[in-house]
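The values are calculated or read from the model by the stated rules, or taken from the named source; none is laboratory data. Small disclaimer: the values here were computed from a predicted structure and weren't measured. With ideal geometry, Cβ positions are generated from the backbone for all residues, glycine too; neighbour counts draw on all protein chains shown.
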Amino acid sequence: MQYRYIGRTGVKVSSICLGTMTFGGEASEAEAAAIFGRSLEAGVNFIDTADVYNAGRTEEIVGRLMKGRRDELVLVSKAFGRSFPEPNSGGSSRRHIVRAVEASLKRLNTDRLDFYLLHQFDANVPLEETLGALDDLVRRGLVLYVGASNFAAWQYMKAIGISERRGLERFALIQPMYNLIKRQAEVEILPMAQAEGLGVMTFSPLGAGLLSGRYSSGEAAGGRLVENDRYRRRYGLEGYAATAERFVAYAKEVGVNPVTLAVAWCAAHPGVTAPIIGARTAEQVAPALAAASYVMTAEERAAITALSPELPLAHDRREEA
């Protein structure tokens, strides 16, 4: 396992992050324990969770699994979605963020979060209020570093600008979607992160399983693309399946598990600190963990990248590309 610094923080994490969204849902607690144990044995020390995963059960399970090992791990959680059954239970208001972090700490049975991220951008709350609340959490010692997920590049930069002007805690870590099918992060988000010295943990390296090969022989019996409308909409555009078919054929040609190859492709981008992997079973997590030791050359990454459509530029001056 390789270890990388998260931006400018001086905190070192494994080049693979374990995502826990399945814990307490698609993965039983027993299976979650097996996934967690196998990941830590492989050298993973980077754990991602969120308060809304399985109505809080995920954080409770992660808290039990971390017992006796908390100081070995770099723990990330997130807030935005509804975590309480009342009108003010979601969003990025000071009220919700303070309640959400205190509830997460209780479920996780820990006294602090290493990184705390805004799960989404909240257009209904001024960023000044939200960033002020995050800054307070850092000053209270409940959170060590802050960041955000699912923002556009301009939203990340707006937040950084406000923090720098007002002397508030600056984003240190961001979490965008990124895989061979969904490469939009390459246009502005990843270059922005490199320029600003931000750590980047990317999610969905397998494109909800589309890049795993399980859908290549026709409609699979299960999986998110079959069972979940949100993922069907996200990955249902014309051309996505064709890119996945080309990728799976390439993986077969070079004799590498497509899961390993898809995760390694994400990890090989110079702006990525660690892709987040997830699984329903310990057996599923094995090929994703193997990506940590896979050496991807620049030539191979370029060949894989060429299997997907060319991205638009961040501006219209193509002659300068």
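Couple of notes before you dig in:
- Of all residues making up the range 255-293, the number that are among the aromatic types (Phe, Trp, Tyr) and surrounded by fewer than 20 Cβ atoms within 10 Å (Cβ to Cβ): 0
Residue-by-condition table, conditions (1) surrounded by 22 or more Cβ atoms within 10 Å (Cβ to Cβ); (2) modelled with pLDDT of 95 or more; (3) within 23 Å of VAL13 (Cβ to Cβ):
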site	(1), (2), (3)
TYR156	yes, yes, yes
ILE160	no, yes, yes
GLU188	no, yes, no
THR202	yes, yes, yes
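- So ALA185, is it touching a Pro at 6+ places or on another chain (Cβ under 6 Å) and closer than 24 Å to THR49 by Cα: yes
- Being outside any helix (DSSP H, G or I) and within 21 Å of THR58 (Cβ to Cβ) is not true of ILE181.
- Sole residue being at pLDDT 95 or above, more than 19 Å from the chain's Cα centre (by Cα), of a type outside the set (A, V, I, L, M) and surrounded by fewer than 18 Cβ atoms within 10 Å (Cβ to Cβ), chosen from ARG82, ARG140: ARG140
- Selection count, the range 63-78, where residues are out of contact with any Leu (no Cβ under 7 Å at 6 or more places or on another chain) and touching a residue at least 12 places away in the same chain (Cβ under 8 Å): 8
- Taking every residue in the range 305-321 that is modelled with pLDDT of 90 or more and pairing it with any residue that is outside any helix (DSSP H, G or I) and surrounded by 10 or more Cβ atoms within 10 Å (Cβ to Cβ), at least 6 positions away or on another chain, the pairs with Cβ-Cβ distances below 6 Å are SER308/LEU180; LEU311/ARG183; LEU311/VAL187.
- Conditions (1) closer than 17 Å to ALA288 by Cα; (2) assigned to a helix (DSSP H, G or I); (3) under 22 Å from the mean Cα position of the chain (by Cα): number failed by GLY213: (2)
- Here ALA244 clears all of (1) surrounded by fewer than 20 Cβ atoms within 10 Å (Cβ to Cβ); (2) in contact (Cβ under 8 Å) with a residue 40 or more places away in the chain; (3) farther than 23 Å from ILE35 by Cβ except the condition numbered (1).
- From ALA314, ALA302, residue being part of a loop (DSSP other than H, G, I, E, B), more than 18 Å from the chain's Cα centre (by Cα) and not charged (D, E, K, R): ALA314
- Just so you know, in the range 171-186 the residues that are buried (at least 22 other Cβ atoms within 10 Å of the Cβ) and more than 19 Å from ALA306 (Cα to Cα) include one that is farthest from the chain's Cα centre (by Cα), and it is PHE171.
- Qualifying residue in the range 234-246 (condition: small (Gly, Ala, Ser), part of a helix (DSSP H, G or I), out of contact with any helix residue (DSSP H, G or I) (no Cβ under 6 Å at 6 or more places or on another chain) and closer than 30 Å to ALA172 by Cα): no
- TYR145 satisfies every condition listed in (1) under 25 Å from GLY278 (Cα atoms); (2) assigned to a helix (DSSP H, G or I) except (2).
- Some residue of the range 185-197 being closer than 23 Å to HIS96 by Cα and among the charged types (D, E, K, R): no
- In the range 284-304, the residues that are closer than 26 Å to GLU26 by Cβ and in contact (Cβ under 8 Å) with a residue 60 or more places away in the chain form Cβ pairs under 6 Å with partners that are polar (S, T, N, Q) and not in a helix (DSSP H, G or I), at six or more places apart or across chains, as follows: ALA292/SER15.
- Those residues of the range 12-39 which are among the aliphatic types (A, V, I, L, M) and buried (at least 20 other Cβ atoms within 10 Å of the Cβ), in sequence order: VAL13, ILE16, LEU18, ALA27, ALA32, ILE35
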